[in-house]
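Below: one structure, written as structure tokens.
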Amino acid sequence: MRVAVTADVHLRTQGEHSERYNALENILQQMSAEGMENLLVAGDLFDKDFSSYSEFEELCKKYSKLRLHIIPGNHDPGISKKRIVGENIHIYTDPTLWQFGSTTFLFIPYEEKGEMGEKIAKMEKEIEGKEWILVAHGDYYGGLKELNPLEPGTYMPLSRKDLQRFKPMTVFLGHIHKPLSQDNIYYPGSPCGLDINETGRRRFLVYDTADGNVVSKDVATDILYFNESFVIVPRDDEVSILQQEMKKRIESWGIDPRDYPKISVRIVARGYATDRRAILEALNLGFEGFKYSKDEGPKIDGLFTSSDRQLNAIAERTMKLIDELDWDFDGDEPEMEQVKTAALSVIYGD
């Protein structure tokens, strides 16, 4: 049996965000086409302070042969079967075991100030000796360092010790909107980017109870966000270097040109240049044809000019040394762009 998994849809009304409903419906369409019957939603199906569920109920009626299994997240902790009605809608407001095929799934709803390990411990006798899957909503503190930047703090943490003690085969978590995976821990991410900071092609996951395999499937979304920033170093060929980098960035998106009209971009250049105007013109030309988020165009507020050849040579050499560093620019460490920007600030005395 194959089971689909998503999270962090953050539905509001269709009038406010039709793209989020359309992303969810695309998942349901793919499930129907491939013979899948169950969708697990690992929290935050609905947005904060939202309680108008009729459009969602109508969507579920449209796909009456599919069953949706939903746990509350930190944005929709009040959802329940009393509030949301539908024969194929199952909402778990308490820790619940559910069997799909020969595999046991444990649903742990979000609880403010709760810890996931404490909730699992209450079900320890029921899962002892079984191969089981955890579906929950919160932060994993065990290697995946990509915390939710919009929600600082700790949200129902799951620790490495919890995994060692309870030994789930696979873990599906909501809360982090970026698609992430490490070993047997999976964040499917939001099926549709919520804003310009949630970039790239979005996905949902499919778990096969026959072999424990997890595969990722693209969601056909109405909008695709990309947020690109460039650190400029003053040199004679700064424009051609930028042109090459812009081409690489666009290619790295992996988006079919037919989907370019769906793309919304934010473009930022910072650092130092010999010709600030030429950099702006290159950015405009490089992303010509793409729609800008908030129609703001390329931003060069943090880009300055320098004609000091000695400092410029030092800056160029420093950037090469940073590129050669054996450093994991990820998680709790500053990103490479932050390191380069800080280095330029020191060199030019800002």
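The values are calculated or read from the model by the stated rules, or taken from the named source; none is laboratory data. Owing to the predicted nature of the structure, the values given are computational and were not obtained by experimental measurement. So basically every Cβ, Gly included, is an ideal-geometry build from the backbone, and we count neighbours across all protein chains shown.
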Inset, instruction - Name, by its number, the condition in (1) free of Cβ contacts under 8 Å to residues at least 24 places away in the same chain; (2) loosely packed, with under 13 Cβ neighbours inside 10 Å; (3) farther than 27 Å from L40 by Cα that does not hold for E245. - result: (2)
Inset, instruction - Please work out if A23 is assigned by TED's automatic domain parsing to the domain that holds V206, under 15 Å from the mean Cα position of the chain (by Cα) and of a type outside the set (S, T, N, Q). - result: yes
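Which residues, taken from region 57-86, are of a type in the set (K, R) and surrounded by 14 or more Cβ atoms within 10 Å (Cβ to Cβ)? Can you show your working first?
Residues of region 57-86 of a type in the set (K, R): 61-62, 65, 67, 81-83.
The one that is of a type in the set (K, R) and surrounded by 14 or more Cβ atoms within 10 Å (Cβ to Cβ): R67.
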Legend entry - Residue ID - surrounded by the most Cβ atoms within 10 Å (Cβ to Cβ), chosen from residues in region 87-105 that are out of contact with any strand residue (DSSP E or B) (no Cβ under 8 Å at 6 or more places or on another chain) and in contact (Cβ under 8 Å) with a residue 24 or more places away in the chain: G101
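Among the listed residues S18, S32, S54, identify the single one that is surrounded by fewer than 19 Cβ atoms within 10 Å (Cβ to Cβ) and touching a residue at least 40 places away in the same chain (Cβ under 8 Å). Give the steps one after another, and end with the answer.
Numbers: S32 fails: touching a residue at least 40 places away in the same chain (Cβ under 8 Å); S54 fails: touching a residue at least 40 places away in the same chain (Cβ under 8 Å).
Just a single option satisfies the conditions, and that option is S18.
In the list D218, D237, which residue meets the criterion of being farther than 20 Å from D256 by Cβ and among the charged types (D, E, K, R)? Even if it seems obvious, please write down each step before you answer.
Working: D218 fails: farther than 20 Å from D256 by Cβ.
Only one candidate passes the filter, namely D237.
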Inset, instruction - Determine the pairs where a residue that is touching a residue at least 40 places away in the same chain (Cβ under 8 Å), located within region 251-267, has a partner that is part of a helix (DSSP H, G or I) and of a type in the set (S, T, N, Q) with Cβ atoms under 8 Å apart, the partner being 6 or more residues away or on another chain. - result: S264/S293; V265/S293; R266/S293
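In this structure, does V265 turn out to be loosely packed, with under 15 Cβ neighbours inside 10 Å, of a type in the set (A, V, I, L, M) and touching a strand residue (DSSP E or B) at 6+ places or on another chain (Cβ under 7 Å)? Reasoning before the result, please.
Numbers: loosely packed, with under 15 Cβ neighbours inside 10 Å: no; of a type in the set (A, V, I, L, M): yes; touching a strand residue (DSSP E or B) at 6+ places or on another chain (Cβ under 7 Å): yes.
In short, no.
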Legend entry - D211 within 26 Å of L39 (Cβ to Cβ), outside the structural domain of M169 (by TED's automatic domain parsing) and either free of Cβ contacts under 8 Å to residues at least 12 places away in the same chain or assigned to a helix (DSSP H, G or I) (or both): no
Inset, instruction - Restrict the check to region 63-85 and report whether at least one residue is in a loop (DSSP other than H, G, I, E, B), over 14 Å from A7 (Cα atoms), hydrophobic (A, V, I, L, M, F, W, C) and out of contact with any strand residue (DSSP E or B) (no Cβ under 8 Å at 6 or more places or on another chain). - result: yes
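Here is a yes/no grid of residues against (1) farther than 27 Å from K320 by Cα; (2) within 30 Å of the chain's Cα centre (by Cα); (3) surrounded by fewer than 19 Cβ atoms within 10 Å (Cβ to Cβ); (4) at pLDDT 95 or above:
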| position | (1), (2), (3), (4) |
| --- | --- |
| S240 | no, no, yes, yes |
| W253 | no, yes, yes, yes |
| P257 | yes, yes, yes, yes |
| P261 | yes, yes, yes, yes |
| G271 | no, yes, no, yes |
| E288 | yes, yes, yes, yes |
Legend entry - K340 being over 16 Å from P234 (Cβ atoms) and surrounded by 13 or more Cβ atoms within 10 Å (Cβ to Cβ): no
